[in-house]
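Each remark here refers to the structure printed beneath this line.
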Amino acid sequence: MKTALITGATSGIGAATARILAQDHRLILCGRRTQQLQAIQQELQNITEVTTLSFDVSDRQAVFSAIGSLPKDWSTIDVLINNAGNAHGLDRFQDADLDDFDAMIDINVKGLIYVTKAVLPLMESSSNAHIVNLSSIAGKETYLNGTVYCASKAAVEAISKGLRMDLQERGIKVTNVAPGAVETEFSAVRFKGDHDRAAQVYQGYIPLTPEDIARAIYFAIAQPEHMQLADITLFPKAQASATMIKKN
């Protein structure tokens, strides 16, 4: 049975991906919220083997320490899903908080880099290793008030392309997944806990669900060894671009 490591596994897309992969993977679930990690571990441990690592992906030392602490029987990782990410604020660049900028760069870009660097040595013995990076339509289309968030996701796109080239000789697949509007905690975090404002983002149409994205991730990693899905972009039916959503 293959082993998959998922960051940001405590909720949303990460938790949904853990649930769908549990049918045929062992799971290393990672996140900052220990209580939620324990809850999803308890939920899935009757289906498959599950271990958890609690760390902040933006903390370089914590990332390498946590992944380095994996016992020998968890030391081969076949699938890495870099799901952890965040958006903070929705202001014009000149009005935005630098702390919000730092948080997005530290987690969305540096965190992905740290986790990938720490996990890659554990993928060497896998016969069909696969990295899946969660980008966003924001990585393909820059929009008003999202300058640095869009930049951070554009970096994920570039890292995915570069990794695919750098790791080609090692036979490691790299898939970039770019969702459009998905109803998760995303907007509540972006709007700093303003749940009423966050709810308005998803009103008037049917957004994607975390399970929709999880199925796409599973589809990508379930392909035969010779096949690599390089890039997947997903929209709800009502969405035509990063900023064009038809609402009733």
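Just so it is clear, none of the values below were taken in a lab; they were calculated from the coordinates. All figures in this text were calculated on a predicted structure; none of them were measured in a lab. All Cβ positions, glycine included, derive from the backbone under ideal geometry; neighbour counts span all protein chains shown.
Annotation: the residues 150, 30, sorted from fewest to most other C-beta atoms within 10 Å of their own C-beta, follow the order 150, 30. Shown here for segment 115-165: GluC sites (Glu not before Pro) in loop regions (DSSP other than H, G, I, E, B) with at most 13 other Cβ atoms within 10 Å, namely 124.
Full extension from residue 1 to residue 226: what is 0.36 nm times the residue separation minus their Cα-Cα distance, to one decimal in nm?
Working: separation 225, 0.36 × 225 = 81.00 nm, distance 1.92 nm.
That works out to 79.1 nm of additional length.
Using 0.36 nm per residue and subtracting the Cα-Cα separation, the extra length available between residue 124 and residue 60 on full extension is 20.9 nm.
The distance from the alpha carbon centre of segment 218-240 to that of segment 1-78 is 22 Å, rounded to a whole number.
Counted by neighbouring Cβ atoms within 10 Å, the residues 114, 205, 218 run from fewest to most as 205, 218, 114. For segment 107-248, how big is the tail of P(r) above 18 Å, as a whole percent of Cα pairs? The answer is 61 percent, as a whole percent. Between residue 45 and residue 11, the modelled labels are 2.3 nm apart [label points 7 Å from Cα along Cα→Cβ].
Note on residue 34 and residue 237: their simple-model spin labels are 4.6 nm apart, each label 7 Å out from Cα toward Cβ. Net charge around residue 57, counting only other residues with Cβ within less than 10 Å of its Cβ (Lys, Arg = +1; Asp, Glu = -1)? For residues surrounding residue 57, the net value is 0.
Here segment 1-115 is treated as a Stokes sphere of Kirkwood radius computed over C-alpha pairs; at 25 °C and 0.890 mPa s its diffusion coefficient rounds to 167 µm²/s.
Taking +1 at the Cβ of each Lys and Arg and -1 at the Cβ of each Asp and Glu, which of 94, 144, 179 sits farthest along the dipole of the chain towards its positive end, judged by Cα position relative to the Cα centre? Checked the options; the winner is 179. Rounded to the nearest 0.05, the FRET efficiency derived from the C-beta distance between residue 248 and residue 161 at R0 = 35 Å is 0.40. Note on residue 209 and residue 168: the extension gain reaches 11.5 nm, defined as 0.36 nm multiplied by sequence separation minus the Cα-Cα distance.
Amide H to amide H, with H built 1.01 Å from N, residue 3 comes under 5 Å of 26, 78, 79, counting only residues 5 or more places away or on other chains.
By the Stokes-Einstein formula, at 1.567 mPa s and 4 °C, the chain with its Kirkwood radius over alpha-carbon pairs has D equal to 71 µm²/s. Each residue of segment 25-41 is assigned a 3J(HN,Hα), and the resulting list reads 9, 7, 10, 10, 9, 10, x, 8, 8, 4, 4, 5, 4, 5, 5, 6, 4 Hz, derived from the Karplus form 6.51 cos²θ - 1.76 cosθ + 1.60 (θ = phi - 60°), x at Gly and Pro.
What are the trypsin sites (Lys or Arg not before Pro) within segment 86-161 that DSSP puts in a loop, where the Cβ has at most 11 other Cβ atoms within 10 Å? The partial results should precede the final answer.
Numbers: sites: 92, 110, 117, 140, 153, 161; in loops: 92, 140.
Answer by residue number: 92.
With 10 angstrom as the radius, rank 135, 125 by how many other C-beta atoms surround their C-beta, starting from the fewest. The partial results should precede the final answer.
Numbers: 135 27, 125 11.
Fewest to most other Cβ atoms nearby, the residues stand as 125, 135.
Could you work out the percent of alpha carbon pairs in segment 15-54 separated by over 17 Å, rounded to a whole number? Above the 17 Å cut-off, segment 15-54 has 15 percent of its Cα pairs. With a cut-off of 14 Å between beta carbons, the residues surrounding residue 108 carry a summed charge of -2, where Lys and Arg count +1 and Asp and Glu -1.
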